[in-house]
Amino acid sequence: MSLSTNTSNDTPVALTGDRPTGPLHLGHLVGSLRSRIRYQEEHCQQFILLADLQAMTDNADDPAKVARNTIDVAIDYLAVGIDPQKSTICVQSHIPELCELTTYFLNLVTVARLERNPTVKQEIKQRGFERNIPVGFLVYPVSQAADITAFQATLVPVGDDQLPMIEQTNEIVRRFNRTYGGHALREAKAVVPKVARLPGIDGKAKMSSSLGNAISLSASPDEIRRGVERMYTDPGHLRVVDPGCVEGNVVFTYLDAFEEDTAVVDDLKAHYRRGGLADRTLKQMLDDRLQCTLAPIRQRRREIAKDRDYVKDVLAAGTRHAREVATHTLDDVRRAIGLVAPSS
Ligand code: TRP
């Protein structure tokens, strides 16, 4: 195991998190799960956070949903190939150091700055929070900054909707180091994959379980097929012989993300543009591709789900390790701030 508590300043450390509010879906696979598996193979130190506290910021009335999904998302991680011997999978609510760090950070950010965060702005609109924004929701980017810095992360593989969070994190880090001196915290770099964001099957900008436009990693063969059937293509492509448009055609976006043989996709695009390629045929190809991608994940998921004690043990060990690292950072942080230590 390459898990150590001390990270020297040049060790790359990757950190990502997911809100456990629903099953992980194809968007997660493209947006961050694949990068996590790559980091793990490249022997990068890596923390993967089940961000249940963040999930509570808009699910305060349904903690059971968050708890259930915490386990389910952990199963998703293990099923896609996250190896707990190489990556630390941990549960945010059981790392109280993150809350303490959030509290220090809250003094370094203005309300106006939080209200300008474009991702939060959009989420507030989506949830109808305009008139009544829970404080916890507005400040979740600050808690996310604590997640990233507590583990001294340098790399954050995320979809592009998370870029404002990393930007805000780095502002806080600079402000912290400037205000209290020293280099207790380090800045992180966002790593955005080639396909930065998978649209929903309805063509909306983001795939999301709560928008009902997602295909989950645990989808049955039938659910996959129905998802592909519902996919948005080119509304102007009325007859098979008509030339069709590839740009903005969700089926092609998905083929780009999931068909490794790019020559196959290029041929399909040329054929579609020329005319003569039916949407039905195209969708059949994508369906075959997705069935192949998801079948082994579904199979492993089923196996792992049988042994919930194993899943809980993985989370307990990961959270213990994560706490050690966070405790170490918090010692540095408190020392940098210089608050009175009641014990010597
Ligand atoms: N905000 C992220 C999301 O909605 C989840 C998250 C929480 C996260 N903490 C993080 C992502 C730290 C990256 C790093 O998906």
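The values are calculated or read from the model by the stated rules, or taken from the named source; none is laboratory data. In this text the structure is predicted, and so the values were computed from the model without any measurement. Methodologically, a virtual Cβ is constructed for each residue, glycine included, from the backbone with ideal geometry; neighbour enumeration extends over all protein chains shown. For the accessible areas, the whole protein counts, side chains as well, though only heavy atoms, and no ligand, DNA or RNA atoms are used. Shrake-Rupley method; radii C 1.70, N 1.55, O 1.52, S 1.80 Å.
Annotations
- Any pair with Cβ under 6 angstrom, 6 or more apart, that starts in the range 153-166 at a residue that is open to solvent by less than 20 Å² (accessible area, probe 1.4 Å) and among the small types (Gly, Ala, Ser) and ends at one that is more than 8 Å from the ligand (Cβ to nearest atom) and assigned to a helix (DSSP H, G or I): Gly159/Gly31
- For Leu3, the test of being within 15 Å of the ligand (Cβ to nearest atom) and either within 23 Å of Lys312 (Cβ to Cβ) or modelled with pLDDT of 95 or more (or both) is failed.
- Test: residue in the range 100-111 that is at negative phi, modelled with pLDDT of 95 or more and within 13 Å of the ligand (Cβ to nearest atom): yes
- The numbered conditions (1) within 16 Å of the ligand (Cβ to nearest atom); (2) over 16 Å from the mean Cα position of the chain (by Cα); (3) open to solvent by 30 Å² or more (accessible area, probe 1.4 Å) are all true for Arg131 except (1).
- Screening Asp76 with (1) under 28 Å from Val30 (Cα atoms); (2) open to solvent by 10 Å² or more (accessible area, probe 1.4 Å); (3) in contact with a Ser or Thr (Cβ under 9 Å, 6 or more places away or on another chain); (4) of a type outside the set (S, T, N, Q) gives one miss only, at (2).
- Among the residues of the range 246-290, the ones that are under 21 Å from Gly27 (Cβ atoms), touching a residue at least 12 places away in the same chain (Cβ under 8 Å) and in a loop (DSSP other than H, G, I, E, B) come to 4 in all.
- Residue match in the range 279-292 (condition: within 26 Å of the chain's Cα centre (by Cα) and among the aliphatic types (A, V, I, L, M)): yes
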